[in-house]
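Participant: Take this structure first; my questions come after.
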Amino acid sequence: MIDRVWVTGAQGFFGRAAADLLEAEGLEVVRIARRSWGPDAPRGSETGPIEDEFLCTLVVRHGAPNLILHLAGNGTVGASFRDPAGDFLSSAGTTASLLRVITHSAPRATLVFPSSAAVYGEAGAEPLPETSPTRPVSPYGMHKLATEALCRLWVERYGSRVAVVRYFSLVGRGLRKQLFWELGRRLPAERDATPVAMLGTGEETRDFLDVGDAVRLALALHRRHEPGLTLVNGASGRGTTIRSAATA
């Protein structure tokens, strides 16, 4: 049977990449977004809030999903400081609605929740295992950790299948923020010798993961068919300094 996949946040960087890749794999994809799609909407596109009533409508319209990639919500730490309450609702609130729908309408579905390396806070260890202490220093990291706890509670109470992936720095075609996008915007023409100034020492380390690999990881976790909660880091396993990334 062809898997039916719901992708929330399907107009964002991660969501769009996931929907395109999964569709190319031959899966039936329902793309869910808050904004209208317009006249050139891809097949299976839906517009609405990630709330119980709308999600139940999607079950009737498309059938119950086998896999949900919950990629909607705030994607930046800075925005969580500006609107902590909104950030909490976009993470824990929407996930709670999806968990309720799974319980009643798709009990064998897998929910993949993209958590973040932000739950570890300012950790200095490399590599960073999943057993590392969680000490978030931003509302964004705190709310991701709270949503992980919600997923764990739901699994223990209802036997749901949930995969929590603590993604590190996702990169790839279509990303219009963060290091590589900013450098691309600011780099002067080759004939211009004006240097591009950056904050920090350049020795700060990031683990960059291609967005396609991030999607393949989520799909692999679903296909393992393991009940309960799965918790993994989503990363390449290689640290790269900002200096060497910028130089490249």
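The values are calculated or read from the model by the stated rules, or taken from the named source; none is laboratory data. Here the structure is a predicted model, which is why all the values come from computation and not from measurement. A quick note on method: Cβ atoms are made from the backbone with ideal geometry, for glycine too, and the neighbour counts reach across all protein chains shown. The area values use the complete protein model at the heavy-atom level, side chains included, leaving out ligands, DNA and RNA. Shrake-Rupley method; radii C 1.70, N 1.55, O 1.52, S 1.80 Å.
Participant: Ignoring everything except DSSP H segments at least 4 long, calculate the 222 nm mean residue ellipticity for the chain; use -39,500 (n - 2.57) per segment, divide by total residues, nearest 500.
Facilitator: Result for the chain: -11500 deg cm²/dmol, rounded to the nearest 500.
Participant: Tell me, in nm to one decimal, what length is gained between SER36 and ARG224 on full extension, where the rule is 0.36 nm per residue of separation less the Cα-Cα distance? Please list the in-between numbers first.
Facilitator: Details: separation 188, 0.36 × 188 = 67.68 nm, distance 3.44 nm.
Stretched fully, the SER36-ARG224 segment lengthens by 64.2 nm.
Participant: Compute, for VAL137, the solvent-accessible surface of its heavy atoms (probe 1.4 Å) with the complete set of protein chains present, and express it in square angstrom to the nearest 10.
Facilitator: Probe radius 1.4 Å; accessible area of VAL137 about 90 Å².
Participant: Which value, in Å² rounded to 10, gives the accessible area of ARG152 with a 1.4 Å probe and all protein chains present?
Facilitator: 90
Participant: Restrict the search to segment 174-248; then list the GluC sites (Glu not before Pro) that DSSP places in a loop and that have at most 10 other Cβ atoms within 10 Å of their Cβ.
Facilitator: Sites meeting the loop and neighbour criteria: GLU190, GLU203.
Participant: Please list GLU156, GLU51 in order of solvent-accessible area, largest first, computed with a 1.4 Å probe with all protein chains present.
Facilitator: The ranking, largest first, comes out as GLU156, GLU51.
Participant: Please work out the Kirkwood hydrodynamic radius for segment 156-248, using every pair of different C-alpha atoms, and report it in angstroms with one decimal place.
Facilitator: Computed over segment 156-248, the radius equals 15.9 Å.
Participant: For segment 93-229, with the dipole built from +1 on Lys and Arg beta-carbon atoms and -1 on Asp and Glu ones, taken about the Cα centre, which of GLY121, VAL155, PRO139 lies farthest toward the positive end?
Facilitator: Of the options given, the answer is VAL155.
Participant: Now, a different point. Return the Rg/Rh value of segment 1-147, two decimal places, where both radii are evaluated on C-alpha atoms and Rh is the Kirkwood radius.
Facilitator: On the way: Rg = 16.1 Å, Rh = 16.2 Å.
That ratio equals 1.00.
Participant: Follow-up question, since we're still on this one. Looking at the square roots a ≥ b ≥ c of the eigenvalues of the Cα gyration tensor of segment 1-69, which shape do they give, rounded for a/c under 1.5, prolate if a/b is larger than b/c, or oblate?
Facilitator: In terms of gyration-tensor shape, oblate.
Participant: Same structure again: How high is the relative contact order of segment 45-160, in percent, with contacts defined as C-alpha pairs under 8 Å that are six or more residues apart?
Facilitator: 31
Participant: For the chain, what relative contact order do you get, as a whole percent, if you take Cα pairs closer than 8 Å and at least 6 residues apart?
Facilitator: 18
Participant: Given 0.36 nm per residue, what is the gain on full extension from VAL59 to TYR158 after removing their alpha carbon distance, in nm? Display every interim value, and only then the final one.
Facilitator: Working: separation 99, 0.36 × 99 = 35.64 nm, distance 1.95 nm.
Here the answer is 33.7 nm.
Participant: Hey, with R₀ at 41 Å, roughly what FRET efficiency would THR201 and THR131 work out to, going by the Cβ-Cβ distance, to 0.05?
Facilitator: 0.90
Participant: Tell me the net charge near ALA72. Cut-off is 14 Å between Cβ atoms, ALA72 excluded, with +1 for each Lys or Arg and -1 for each Asp or Glu.
Facilitator: On the way: positive: ARG16, ARG31, ARG34, ARG35, LYS144; negative: GLU46, GLU51, ASP87.
So the environment of ALA72 carries a net charge of +2.
Participant: Now for a different question. Over the alpha-carbon set of segment 98-176, work out the extent along each principal axis and list the three values in angstrom, largest first.
Facilitator: 41, 33, 23
Participant: Moving to a separate point now. Please report, to one decimal in angstroms, the Kirkwood hydrodynamic radius of the chain built from all distinct Cα-Cα pairs.
Facilitator: 19.0
Participant: In segment 160-220, with Lys and Arg counted as +1 and Asp and Glu as -1 at Cβ, which of these residues, LEU219, MET198, LEU209, has the Cα nearest the positive end of the dipole, that is, farthest along it?
Facilitator: Final value for the positive-end residue is LEU219.
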